[in-house]
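The values are calculated or read from the model by the stated rules, or taken from the named source; none is laboratory data. None of these values were measured; they are calculated from a predicted model. Cβ: placed from backbone, ideal geometry, glycine included. Neighbour counts: every protein chain shown. When the accessible area is computed, the model is the full protein with side chains, heavy atoms only, and any ligands, DNA or RNA have been set aside. Shrake-Rupley method; radii C 1.70, N 1.55, O 1.52, S 1.80 Å.
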Amino acid sequence: MFKPVPYRTLTLLLSLSFIFIKAQKIGLVLSGGGASGLCHIGVLKALEENNIPVDYVSGTSIGGLIGAYYASGHTPQEMEELVKSYFFQNITRGDVPVKYEYMVKKRNDYAAWLTLKYNFRDNYLKNLPTNVINSIPIDYYLMETFTGVANHFQNNFDSLLIPFRCVAADIENKKSVVFKNGDLPSAIRASMSYPFYLRPITIDGKLLFDGGLYNNFPTDVMMKDFNPDYIIGSNVAEKNSVPDDENLYLQLRTLLMSQTNFKPVCDNGVIVEPWSDVSVFNFNNAQRLIDSGYAATMRLMPEIKMKVQARQNNNELQDKRLRYKGYQNNSEILIDKIEVKGFNAGQSRFITRSLFYNKKPFTLEQLRKRYFRLASDDKIKNIFPVIAYNPENGHYTLKLQGKNEKPFYLEPGSILSNRPISEAFLGLQYNHLGRIGISAYANGYVGKLYTGSYSHLRFDFPGRIPLFIEPSFTASRWDYYSSSALFYDFIKPAYLVQEDRFGEIKIGVPVGNISQFNVSGGLTQWKNQYYQTDAFSKADTADITYFDYWFVQANYKINTLNRKMYATEGTFLNARARYLAGNESFVPGNTSIDTGSFKNKKQTPWLQLKFTFDSYIKTLRRFKIGLFLESVYSTQSFFTNYQSTILSAPAFNPTPESQTFFIDAYRAHNYLAGGLKAITSPLKNFDIRLEAYLFQPVLTINRDINGKSYYSAQPFLHRYFSGVATVVYNSPIGPVSASLNYYDRNENPVSFFLHVGYIIFNRKSID
């Protein structure tokens, strides 16, 4: 006969059962796998929704990053929003977020396909690049995100909201390195140093790489350090493929990586394996990956709930997180000391003066702009930040470890086209970093349309308001012609040749991070050879106009465009005021209407104001709208004849092909112009663009029967339309483009233009 259990016995059994349930500890192991690791966020989301506790976390690479977020108090929802943000997408590509781009240090755009950096003291293997992306944005972001909470708990990972471990790889000693204390941002960064993609870092004298090389699923670390009762593993590691003789990536991956056991090493455990078939560095499918992790975990939830009796009170968890938010308050971090390693004394002084003004302590928020300003200097290769707490005064020390960039840049390039405008290009630069930064640059173009060179010296002075001084010299020859089809065939006749030589000195300062203001002045010798008639032969001599002048100007510029040609994101704004004065000389040719020559005729000085605006707005996922505006106001007067007048008039050239034409109708002393662009990107790096422009001269410059210039009788009498339909592939070395162009009221209004490379030339003095 059944006997009821005594009340005291039942109470004791229930108490023991409750203690057992409460004592059950759960470990979460997160694998590496690059972008696929975003699935881990979905796993965490499902666990929290079902009140499954996580008592310990260990992770490798991206698993280390997601684990660190969770261990330091971030909710799965916060992580989801973060990884989908434009900011996160930027830093995973190695791009500095737009608002922190430092334009005053940005190099000018030329026709270079690529930049090769070289140090002649090193052998050629040491000059090969070792990483694909710029690690500076990631390095700073990790430091800023995790340094507050880590320093609060004396860099002990057991004291985080959830005890945490991550692993890196010591390739010299061929073993894993487990981080349980130390600088948390550095530990995460070391664990993420994927070979050839993200630069490795040095900790305690050891060069450390991605932890996935030797341990891509650290269940052994979980068991050794925490010995949980149950392990939940999330595995998104790239499946091992058999290497073949034509796939270098697979060969290197197989050589570098050790086999990893993707199974829990305790009796109780489950592995979640979501769909994660994306490339290692493709973070564009964040939502799909998160949803995949969530769905895969929910499919296993009945099994997990059966094995895990413990339940997490999410209200209590949220209360704990709120307390941790206070530890992440970076406004309390005050930096009063900087230590620099890896640079000589002069370079260290340059770096210190770029960040630390008048020995006045500064916050992390103040550091951010200064840091990206410094890191944008092309004389610095890399710089890694660590912030250490100083218990003596409660302030912090910023420790910087880095290297200066290789001193020599070699930049080859060219323009290849179906039209006779093809060019060969070469740029050279030498960098020196000391107490001031110095760079010497020179380039050269050789082609049928344009032959020229440009050189400058630039001196960068650090400080609260850094400034640069840049003397430069440009020599150009533009040969507008109608005969030859090959860039190396210099057969004449030409109907217009412009030769332009000018020296300039510029002084510039930043205005915020994304803009600069500069003033400059220079001297120019400008020569134009032309015919005032269409009836000429090789035996005829051209008219020649010389214009020798000086100029001063002030310029304000913003540039956040994502590409130097065929941009689809960002904004360009340029506002310029220029005053110039000079003397005109004229030598008639044998076909000239004018027969008298003159020398050094003083031209009336004039003021010119020019404004250019180009901006892009993202509407739908793969569709963008661009707006282009330009206006010129000038007090410029006429030159001796119509041709010399129109040659010196400002030109409206909004499209790549229009820069290679000389069209009278698109030149005026004063004008308004604008355009709209519709851009769709059906595939990565592949764009289809439709652009339409309106050019409105205030007064049209006309030609009378004597070859002289006169204005139209009424303002806004004529206007001109142009448009272009373009297909562009933005290759690693530059655009490959095919376009159909239309120019209103031109003799040949429609043209087909095919080119490879950048349609970018050295600046003209008159522009």
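Things to note:
- Residues within segment 635-663 that are touching a Leu at 6+ places or on another chain (Cβ under 7 Å) and surrounded by fewer than 21 Cβ atoms within 10 Å (Cβ to Cβ), tallied: 2
- Residues in segment 683-702 that are of a type outside the set (A, V, I, L, M, F, W, C) and farther than 20 Å from THR655 by Cβ: LYS684, ASN685, THR700, ASN702.
- Residue check, SER537 under 37 Å from the mean Cα position of the chain (by Cα), more than 26 Å from LYS602 (Cα to Cα), small (Gly, Ala, Ser) and open to solvent by less than 60 Å² (accessible area, probe 1.4 Å): no
- Residue within segment 388-402 that is basic (Lys, Arg), open to solvent by 10 Å² or more (accessible area, probe 1.4 Å), in a loop (DSSP other than H, G, I, E, B) and touching a residue at least 24 places away in the same chain (Cβ under 8 Å) present: no
- In segment 40-55, the residues that are surrounded by fewer than 24 Cβ atoms within 10 Å (Cβ to Cβ) and not charged (D, E, K, R): ALA46, ASN50, ASN51, ILE52, PRO53, VAL54
- In segment 662-699, the qualifying residues are those that are in a loop (DSSP other than H, G, I, E, B), touching a residue at least 40 places away in the same chain (Cβ under 8 Å) and not aliphatic (A, V, I, L, M), and the one that is farthest from PHE611 (Cα to Cα) is ASN685.
- Segment 67-103, residues that are closer than 21 Å to LEU322 by Cβ and open to solvent by less than 20 Å² (accessible area, probe 1.4 Å): GLY67, ALA68, TYR69, TYR70, ALA71, SER72, GLY73, THR75, PRO76, MET79, GLU80
- Cross-chain or 6+ apart pairs with Cβ under 7 Å, segment 579-597 first and within 26 Å of VAL632 (Cβ to Cβ), then crowded, with 17+ Cβ neighbours inside 10 Å and among the β-branched types (Val, Ile, Thr): GLU584/THR545; GLU584/THR640; PHE586/THR545; PHE586/THR640
- Options VAL727, VAL698: the member that is β-branched (Val, Ile, Thr) and closer than 21 Å to VAL632 by Cα: VAL698
- Number of positions in segment 318-360 that are assigned to a helix (DSSP H, G or I), touching a helix residue (DSSP H, G or I) at 6+ places or on another chain (Cβ under 9 Å) and at pLDDT 90 or above: 4
- Matching residues, segment 166-206, being open to solvent by 40 Å² or more (accessible area, probe 1.4 Å), within 19 Å of ILE387 (Cα to Cα), in a loop (DSSP other than H, G, I, E, B) and in contact (Cβ under 8 Å) with a residue 12 or more places away in the chain: LYS180
- Within segment 12-58, the set of residues being at pLDDT below 90 and among the aromatic types (Phe, Trp, Tyr) comprises PHE18, PHE20.
- Pair list, Cβ < 8 Å and 6+ apart or interchain, from segment 543-570 residues that are closer than 30 Å to LYS599 by Cβ and in contact (Cβ under 8 Å) with a residue 12 or more places away in the chain to residues that are open to solvent by 20 Å² or more (accessible area, probe 1.4 Å) and of a type in the set (Asp, Glu): ASP543/ASP594
- Taken over segment 724-749, the criterion of being closer than 23 Å to PHE695 by Cβ and open to solvent by 90 Å² or more (accessible area, probe 1.4 Å) is satisfied by LEU740, TYR742, ARG745, GLU747, ASN748.
- Any chance GLN516 is closer than 15 Å to LEU467 by Cα, assigned to a strand (DSSP E or B) and at pLDDT below 95: yes
- Single match in ASN730, ASN702 (criterion: more than 26 Å from GLN553 (Cβ to Cβ), in a strand (DSSP E or B) and touching an Asp or Glu at 6+ places or on another chain (Cβ under 9 Å)): ASN730
- Restricting PHE502, PHE459 to those that are modelled with pLDDT of 95 or more, within 29 Å of THR645 (Cα to Cα) and in contact with a Phe, Trp or Tyr (Cβ under 9 Å, 6 or more places away or on another chain) reduces the list to PHE502.
- Residue check, ILE759 outside any strand (DSSP E or B), open to solvent by less than 20 Å² (accessible area, probe 1.4 Å) and farther than 17 Å from ALA649 by Cα: yes
- Going through (1) at pLDDT 90 or above; (2) open to solvent by less than 80 Å² (accessible area, probe 1.4 Å); (3) on the phi < 0 side of the Ramachandran plot; (4) out of contact with any Pro (no Cβ under 9 Å at 6 or more places or on another chain) one by one, LYS379 falls short only on (4).
- Checking the stated criteria, GLU691 turns out not to satisfy the condition of being acidic (Asp, Glu) and open to solvent by 60 Å² or more (accessible area, probe 1.4 Å).
- So PRO715, is it outside any loop (DSSP other than H, G, I, E, B) and loosely packed, with under 14 Cβ neighbours inside 10 Å: no
- Scanning segment 594-613 for residues that are surrounded by 15 or more Cβ atoms within 10 Å (Cβ to Cβ) and either at pLDDT below 95 or of a type in the set (D, E, K, R) (or both) yields ASP594, GLN603, LYS610.
- Restricting segment 714-767 to residues that are without any contact (Cβ under 8 Å) to a residue 60 or more places away in the chain and aliphatic (A, V, I, L, M), the residue that is farthest from HIS456 (Cα to Cα) is LEU717.
- Per the conditions (1) over 19 Å from TYR531 (Cβ atoms); (2) charged (D, E, K, R); (3) modelled with pLDDT under 95, the sole criterion not satisfied by ARG689 is (3).
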